[in-house]
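Only the coordinates and a few stated rules stand behind these numbers; no lab work does. On a predicted model such as this, the values are computed, not experimentally measured, just so you know. A quick note on method: Cβ atoms are made from the backbone with ideal geometry, for glycine too, and the neighbour counts reach across all protein chains shown.
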């Protein structure tokens, strides 16, 4: 599935690297992950949580990284 620039930026919200999507004083307009990013299903797990990971999967970008969380495959429980 190909995402438009606007759809891509919607899924970048909260990502550590969203800083590079024009949210910086350095005139950097696009994150370097954007060209190869794809929409995937992952579980978003807090780093402090011990298994089992029972969160429902969410749609996210393959490159998404949020401070304090890891993303794992949808079927992963530990």
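Could you check the stretch 21-37 and list, in sequence order, the residues that are assigned to a loop (DSSP other than H, G, I, E, B), touching a residue at least 12 places away in the same chain (Cβ under 8 Å) and out of contact with any strand residue (DSSP E or B) (no Cβ under 7 Å at 6 or more places or on another chain)? Don't jump to the end; show me each part of the working.
Here is the first cut: in the stretch 21-37, the ones assigned to a loop (DSSP other than H, G, I, E, B) are 21-33, 37.
The next check asks that each one be touching a residue at least 12 places away in the same chain (Cβ under 8 Å); those that pass are 21, 31-33, 37.
Once the filter is applied, which keeps residues that are assigned to a loop (DSSP other than H, G, I, E, B), touching a residue at least 12 places away in the same chain (Cβ under 8 Å) and out of contact with any strand residue (DSSP E or B) (no Cβ under 7 Å at 6 or more places or on another chain), the stretch 21-37 yields 21, 31, 32, 33.
Pairs linking a residue in the stretch 43-67 that is free of Cβ contacts under 8 Å to residues at least 12 places away in the same chain to a residue that is exposed (fewer than 12 other Cβ atoms within 10 Å of the Cβ) and part of a loop (DSSP other than H, G, I, E, B), with Cβ atoms under 6 Å and 6 or more positions apart or on different chains, do not occur. For the stretch 42-58, filtered to residues that are assigned to a loop (DSSP other than H, G, I, E, B) and surrounded by 13 or more Cβ atoms within 10 Å (Cβ to Cβ), the residue that is farthest from the chain's Cα centre (by Cα) is 53. In a residue-by-residue description of the stretch 59-66, the property of being exposed (fewer than 12 other Cβ atoms within 10 Å of the Cβ) and part of a loop (DSSP other than H, G, I, E, B) applies to no position.
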